[in-house]
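Worksheet: the structure to be examined is printed underneath.
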Amino acid sequence: MDSAAAIWASPIDAAQITAAFENAEREKVEDIRGLIVNHHLLGNSLIADSLTAVQTQPKRVILLSPNHFSYGTGQIITTNASWDTAFGKLPADGEIITALAGKDVTIDSRIYPNEHGVTNLIPFIKHAFPKASIIPLAIRYGTPQEMLDRLAANLAPLIDDRTLVITSVDFSHELTSLQASFHDQQAIATITNLDLQGTDRMDVDSREAVYVMLSLMQQIGARRFTLFQNTNASILTGKENMTDVTSYITGAFMPGDQASTKTITLLAAGDMMLDRYVRKSIAAKGFDSYFEQSPRFWSGTDITLANLEGCFTDNPPSPLDPNDLTFTFDPSLISTLVKNQFNVLNLANNHSYNFGSDGFEQCRTYISQAAIDYFGHPLNRTERTLVTTIRGTRVGFVGYNALENTPLQNILDDIVELKEKTDYVVVAAHWGNEYQRFPTSTQKSQAHQFIDAGADVVFGAHPHVMQPIETYKGKIIFYSLGNFIFDQYFSEETKQGLLVGTVFSPNGITYTLFPISNDEFTITFLSGDERDTVLADLSEDSEVSDTIQQELRKGIISNE
């Protein structure tokens with residue numbers, strides 16, 4: 001279903017568009033074959049800046065967009081209607097649209113007055129490329145990968161050196177500026193490396209559109225991506241305390257060798273216990289209730305790691321008792337962890353053997369079947385380590401349960417071995433005294449030995465409260481991240497925890513700190529005075545330089 005009538009698309013004043021182009025300062029770039037631009041009009045200058053960079057005027061523009069509201073029929077929707085703008089009529093490229101129709105693409109104009117991923121860009125495209133025609137393609141959320149692959153394969157032969165592909169997407173949504181900036185590092189690395197698999201974990205309003213773009217750029221040989229700008233609504237408006245930030249990534253694809261980056265991201269969480277009163281709450285409200293306060297936060301990282309304080313087993317739970325210390329977790333809960341992108345679990349802790357070797361093996365089987373990786377052993381025996389490779393960068397993990405009296409040298413040997421075959425080594429240590437706010441001398445001694453052996457960062461668990469951090473030989477030690485999901489609501493300290501967004505890059509390792517509360521059986525991100533107090537206390541207690549103390553108060557450590 002379609003109409004040949006023109007569609008009015010003028011969501012922004014023509015004078016604003018003209019001013020945006022007049023103020024654009026980006027130099028022309030030869031042979032741009034693809035652009036990633038935003039459609040959120042707060043960043044209208046970014047759109048103009050990106051289009052200004054195109055040196056050769058295209059004769060046609062293929063515009064890949066989300067279908068934000070799932071309007072119309074079909075998974076991929078286009079229109080052969082033209083568009084009226086303040087700068088004249090932008091014609092549809094009927095020849096290519098007709099060629100695409102029927103190959104998973106539906107012609108249906110009804111969504112376009114409402115699909116801002118297209119309509120917001122139409123007048124910019126007409127202003128920048130007055131002689132071009134347009135092929136808009138709005139892709140529905142959840143479009144199967146095989147359909148996306150066919151779309152890219154069908155588009156590739158239609159593209160020549162006068163065809164420009166534009167992907168219209170906005171990135172991190174409904175987050176703080178720090179959260180959005182952390183997520184954007186994963187997105188930029190995924191785009192730069194043309195990492196099709198990495199699009200599944202991006203925080204973007206259309207993973208599908210980005211997937212098609214990356215696949216298409218691979219096929220036409222435009223593998224070299226240049227980042228133009230990365231910013232967000234908080235930065236553009238100067239409002240530091242925004243909690244509903246949208247972020248923007250713009251850049252261009254050109255022929256040439258892939259400009260790969262070794263950057264990867266990791267989100268580390270503390271102790272996660274899914275039995276006892278947590279089980280009772282989940283039975284009443286569902287496991288999703290823990291993640292509903294900020295659902296977008298749980299996407300956008302390459303690796304999400306937590307310490308699993310117990311095991312998924314078929315054993316029935318003990319009678320409800322606050323003093324019960326035998327934990328069994330319902331295996332059906334794993335699907336919620338997968339949905340929220342948890343993909344690595346540490347099993348080296350004092351509760352993983354609550355049901356002996358049988359329960360432990362059940363747990364490993366269940367999480368393996370869900371494609372979640374694990375490392376660590378409660379008795380520090382087999383499978384203490386894990387190596388995962390993302391975009392060619394190798395990260396090694398070592399789990400250590402210090403409550404089990406076994407030789408530390410075995411763990412140190414693991415670190416040395418991993419250091420030889422990986423780019424980064426992460427140690428997850430289960431140690432220290434419960435509810436004690438400061439690390440013991442044993443923790444500190446062991447942490448230093450881990451760093452001496454080659455560890456790049458240490459994440460601690462078990463005390464159930466946050467403990468200070470320390471810098472040792474330029475490396476960061478988080479002695480305890482506190483509770484992530486637990487039912488210890490008897491003190492403010494046990495209600496709180498720390499999530500650490502880690503960016504490993506050739507320039508160094510950066511840590512973004514996200515203080516949380518796990519009170520009321522949900523995860524709440526602390527803000528305002530509460531957040532400031534937690535970070536100020538952490539800064540005051542930590543053994544770090546004056547510079548890092550100041551960074552801690554702001555919630556980001558640039559350990560470069």
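The values are calculated or read from the model by the stated rules, or taken from the named source; none is laboratory data. Quick caveat: nothing in here was measured; it's all calculated off a predicted structure. Don't worry about glycine lacking a Cβ; one is built from the backbone with ideal geometry, like all the others, and counts go over all protein chains shown.
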Per the filter on segment 339-352, residues farther than 20 Å from Phe291 by Cα and surrounded by fewer than 20 Cβ atoms within 10 Å (Cβ to Cβ) are Asn350
Check segment 288-308 and report whether any residue there is assigned to a loop (DSSP other than H, G, I, E, B), touching a Cys at 6+ places or on another chain (Cβ under 7 Å) and either modelled with pLDDT of 95 or more or in the same structural domain as Phe397 (by TED's automatic domain parsing) (or both). no
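Among the listed residues Leu175, Leu158, which satisfies the condition of being farther than 26 Å from Arg26 by Cβ and at pLDDT below 95?
One residue alone meets the criteria, Leu158.
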If we keep only residues of segment 66-84 that are out of contact with any Leu (no Cβ under 9 Å at 6 or more places or on another chain) and outside any loop (DSSP other than H, G, I, E, B), then the residue nearest to Leu155 (Cα to Cα) is Pro66
When segment 143-175 is checked residue by residue, the ones that are over 18 Å from Arg33 (Cα atoms) and either touching a residue at least 60 places away in the same chain (Cβ under 8 Å) or in contact with a Gly (Cβ under 8 Å, 6 or more places away or on another chain) (or both) are Thr143, Pro144, Gln145, Met147, Leu148, Asp149, Asp170, Phe171, Ser172, His173, Glu174, Leu175
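Residues checked against (1) among the aromatic types (Phe, Trp, Tyr); (2) in contact with a helix residue (DSSP H, G or I) (Cβ under 6 Å, 6 or more places away or on another chain); (3) assigned to a strand (DSSP E or B):
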site	(1), (2), (3)
Leu412	no, yes, no
Ile415	no, yes, no
Lys419	no, no, no
Val425	no, yes, yes
Ala429	no, no, yes
Glu434	no, no, no
Gln446	no, no, no
Ile451	no, no, no
Glu470	no, no, yes
Sole miss for Thr190 among (1) closer than 19 Å to Ile107 by Cβ; (2) modelled with pLDDT of 95 or more is condition (1)
Would segment 290-312 turn up any residue that is more than 24 Å from Ala348 (Cβ to Cβ), touching a Ser or Thr at 6+ places or on another chain (Cβ under 6 Å) and surrounded by fewer than 22 Cβ atoms within 10 Å (Cβ to Cβ)? yes
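Every residue, every condition in (1) under 28 Å from Val503 (Cβ atoms); (2) more than 15 Å from the chain's Cα centre (by Cα); (3) buried (at least 20 other Cβ atoms within 10 Å of the Cβ), yes or no:
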site	(1), (2), (3)
Ile139	no, yes, yes
Val165	no, yes, yes
Glu174	yes, no, no
Gln179	yes, no, yes
Asp184	yes, no, yes
Arg207	yes, no, yes
Of those in segment 240-266 that are out of contact with any helix residue (DSSP H, G or I) (no Cβ under 8 Å at 6 or more places or on another chain) and within 21 Å of Val458 (Cα to Cα), the residue modelled with the highest pLDDT is Leu266
The residue that is farthest from Ala132 (Cα to Cα), considering only those in segment 85-120 that are assigned to a helix (DSSP H, G or I) and in contact (Cβ under 8 Å) with a residue 60 or more places away in the chain, is Arg110
